[in-house]
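Below is a structure I'd like to ask you about.
The values are calculated or read from the model by the stated rules, or taken from the named source; none is laboratory data. Here the structure is a predicted model, which means the values were calculated and not measured. Every residue, glycine among them, receives a Cβ derived from its backbone with ideal geometry; neighbour counts consider all protein chains shown.
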Amino acid sequence: MKNTIFKLTEYVYYFSLLVLIILYLFPGSLIGYFLYGNLGQQPNLITNPIGTSINHLIFFSYITVLAIIVRLRIKNIFTNYLFILSISCVLEIFHLIVPNRAFELSDLLANFTGVVIIILINNFIKWRKHF
C-alpha cells in the first residue's frame, strides 16, 4: 500500500511538472481560456495585494513539496532542489520570448519564494528531528 501511494505521488509530481511547462510556454493563458474564454486573462485564485503572482507562489510551493516527497525514494535531477529553483527562474525568463506572455519580476520572485519557503520548512523539520 505504501509503495502504491508513493508511486501515485511520483506520477502526480511528474505530471505536475509537465503541466507547469505547458502552462508556462503556451502563448497565452490556458487557465484563463478555460475559466473565462479569454487567452489574455490570468486567473486570480486568491484576492491579495500581489495579484496573480500568488498563483505562482502556490504552484511552486506545491511542486516543491511533491519533489521533496518523491526525493525520499528517488534521487535524480528532477527531484533536486537546484532543478526546482532553476526551473522556477528559467520558465519565467522564457516569458521574454514567448508570444503573448510577459516577464514579471513579481512572478519570478513568487516562483523563487515558493520554492525557498518549502525548502526552509523542510530543513527546519529535519533540524527539529535531531533534537
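Any idea how many residues of region 1-18 are within 17 Å of residue 89 (Cα to Cα) and loosely packed, with under 13 Cβ neighbours inside 10 Å?
1
Is it true that residue 35 is exposed (fewer than 12 other Cβ atoms within 10 Å of the Cβ), part of a helix (DSSP H, G or I), over 11 Å from the mean Cα position of the chain (by Cα) and not aromatic (Phe, Trp, Tyr)?
No; evaluated as a whole, the condition is false for this residue.
Of all residues in region 100-112 being surrounded by 11 or more Cβ atoms within 10 Å (Cβ to Cβ) and assigned to a helix (DSSP H, G or I), which is nearest to the chain's Cα centre (by Cα)?
Here the answer is 111.
Residue under question is residue 115, and the condition is that it be surrounded by 16 or more Cβ atoms within 10 Å (Cβ to Cβ) and in a helix (DSSP H, G or I); does it hold?
yes
Consider only pairs whose beta carbons are under 6 Å apart and that are at least six residues apart or on different chains; among these, list those whose first residue lies in region 68-91 and is more than 17 Å from residue 120 (Cβ to Cβ) and whose second residue is assigned to a helix (DSSP H, G or I) and among the polar types (S, T, N, Q).
70/79
Also, quick follow-up: Residue under question is residue 23, and the condition is that it be in a helix (DSSP H, G or I), out of contact with any Gly (no Cβ under 8 Å at 6 or more places or on another chain) and over 14 Å from residue 115 (Cα atoms); does it hold?
It is true that residue 23 is in a helix (DSSP H, G or I), out of contact with any Gly (no Cβ under 8 Å at 6 or more places or on another chain) and over 14 Å from residue 115 (Cα atoms).
Is it the case that region 48-67 has a residue that's modelled with pLDDT under 85 and touching a Ser or Thr at 6+ places or on another chain (Cβ under 7 Å)?
Taking every residue of region 48-67 in turn, at least one turns out to be modelled with pLDDT under 85 and touching a Ser or Thr at 6+ places or on another chain (Cβ under 7 Å).
Quick check on region 70-99: of everything there that is crowded, with 17+ Cβ neighbours inside 10 Å and among the β-branched types (Val, Ile, Thr), which residue is modelled with the lowest pLDDT?
Step by step, filter region 70-99, then rank; the result is 79.
Of these, 39, 30, 8, 25, which one is out of contact with any helix residue (DSSP H, G or I) (no Cβ under 8 Å at 6 or more places or on another chain) and more than 13 Å from residue 59 (Cβ to Cβ)?
Only one candidate passes the filter, namely 8.
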